[in-house]
Amino acid sequence: MATRLKEVDAVMVGMGWTGSIMARQLTKAGMTVVGLERGEDLSPRENFALPHVRDELRYSQRLELILDPALETLTFRHRPSESALPMRRMGSFLPGNSVGGAGNHWGGLHWRYHPTDHLTRSHIVTRYGAKAIPEDMTIQDWAMTYDELEPYYDKFEKLCGTSGRAGNLRGQKIEGGNVFEGPRQNEYPTPPLKMTQAALMFEKAAITRFRSRSATRAAPTPTRRASRSARASIADSASATAAKPMPRPDRRSACCRCCARRRNSRCARAPG
């Protein structure tokens, strides 16, 4: 017989990045939220400590953190005339199988979409003409422009403490950053990570090889791995760019591993 639990304001089915951020916003608004997730509640100390975190067979080949297609099968066909067959192994789309979802195996790269990505159809028509798009192709512009979404890009980067270096700050091109990126209102929350020896060698080789083709710019990759305290970096950035300082975080709303267990929000997979 099913057990009827106490009623709550909202239920999040899946507590990856999307579900956890939505839960955070709802709990900050005073709502009570329950998160439903499949799989284990992993912890860095128990599940991602050396040496077994380096186990390529376990994670890269056997895909231990990924949903097992034998348990939840997806089918696929190339054209309507074919019979759909089950997928035996995931491709580039790798849904997670633990509390936190795909966030547990996400590589942490923080690229923003380019302004032209938001204008897929318009940009192609402007650049190549209307005939460049076949009549039966249904591509459309996004529902929102880059400028409309930019404040939310910025908010997510601050939430994650993203490290990097701006190359287009409010329309001003800055050497050392990605000058081809869309204009951003603020610098990254934390400075770029230090380059490894392999990255320095690759940069030197690329610049030497393409020096005559004016492709000599190299920029650090924006990444989730914070290079230092995000709070201190945000304060420094706000002072340097005359931006409004971020409000002091509410310590009572600090998240757990799945970003959902807060003062009035709990994860269904974990105690408390």
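The values are calculated or read from the model by the stated rules, or taken from the named source; none is laboratory data. The structure presented is a predicted model; accordingly, all values stated were derived computationally and were not measured. A quick note on method: Cβ atoms are made from the backbone with ideal geometry, for glycine too, and the neighbour counts reach across all protein chains shown.
Points to keep in mind about this one:
- Number of the exception - GLU72 against (1) over 22 Å from the mean Cα position of the chain (by Cα); (2) surrounded by fewer than 16 Cβ atoms within 10 Å (Cβ to Cβ); (3) modelled with pLDDT of 90 or more: (3)
- Taking every residue in region 213-236 that is among the small types (Gly, Ala, Ser) and at pLDDT below 70 and pairing it with any residue that is surrounded by 15 or more Cβ atoms within 10 Å (Cβ to Cβ) and assigned to a loop (DSSP other than H, G, I, E, B), at least 6 positions away or on another chain, the pairs with Cβ-Cβ distances below 7 Å are ALA230/GLY161; ALA230/PRO189; SER233/PRO189; SER233/PRO191.
- If you go through region 120-168 and keep only what is farther than 20 Å from TRP106 by Cα and of a type in the set (A, V, I, L, M), you end up with ILE124, VAL125, ALA130, ALA132, ILE133, MET137, ILE139, ALA143, MET144, LEU149, ALA166.
- For PHE202, the conditions (1) under 27 Å from ARG228 (Cβ atoms); (2) outside any helix (DSSP H, G or I); (3) of a type outside the set (A, V, I, L, M); (4) more than 20 Å from the chain's Cα centre (by Cα) are fulfilled apart from (2).
- Selection from region 163-190 of residues that are over 25 Å from LEU119 (Cβ atoms) and touching a helix residue (DSSP H, G or I) at 6+ places or on another chain (Cβ under 7 Å): GLU187, PRO189, THR190
- Yes/no for LEU71 being in contact with a strand residue (DSSP E or B) (Cβ under 6 Å, 6 or more places away or on another chain) and in a loop (DSSP other than H, G, I, E, B): no
- Among the residues of region 110-162, those that are out of contact with any helix residue (DSSP H, G or I) (no Cβ under 8 Å at 6 or more places or on another chain), more than 19 Å from THR18 (Cβ to Cβ) and either among the small types (Gly, Ala, Ser) or part of a loop (DSSP other than H, G, I, E, B) (or both) comprise SER122, GLY129, ALA130, PRO134, GLU135, ASP136, MET137, THR138.
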